[in-house]
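Notes follow once the structure below has been shown.
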Amino acid sequence: MYKPTPNPPETDTPIDRQKLQEAADRALNEYINLSARLNATTRKPSTLFFIAPDIATETLLAHACESLASARVVADDFAGSLSGAQRSTLLAISQNLLLGELAVNRALDNLDPQ
């Protein structure tokens, strides 16, 4: 098969490896140090939806599990009224909700094995 451009394309200008490395370092620093910059600023939680910091982990996980289960039921019910690609997409979302629910259930089991 004929390719109109060589692989990699030939260029008349030599590659400046130092500039390339500097650009890569800047890009990596931008993404890697993003969390450090976010943590450096004082974060004030929103009071619109606020979960008290003293709520037990088991309680939080139980509510998360119930929320995921409810969302999965809604997705399954809605998928029943769709067809084709939209139905497949919604069923995939439902499966991801189920996997999240299973993970939360396992976390609850790890906290309080019976």
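Some notes on this structure:
- Packing-based order for 83-92, 22-31, 67-76, using average beta carbon neighbours within 10 Å, highest first: 67-76, 83-92, 22-31
- Cα centre as origin, Lys/Arg/Asp/Glu Cβ charges: the stretch 57-111 dipole, Debye: 200 debye
- Cα gyration tensor, the stretch 57-111 - rounded (a/c under 1.5), prolate or oblate: prolate
- Val74 sits among other residues whose Cβ lies under 15 Å from its own Cβ, and their net charge, with Lys and Arg +1 and Asp and Glu -1, is -2.
- Dipole of the stretch 57-111, positive direction: furthest Cα of Ala62, Leu91, Val73, with charges on the beta-carbon: Leu91
A short reminder: the numbers here are calculations on the coordinates, not readings from a lab. Note that the structure is a prediction, hence the values are computed from the model and not measured. Note: ideal-geometry Cβ built from the backbone for every residue, glycine included; neighbour counts use all protein chains shown.
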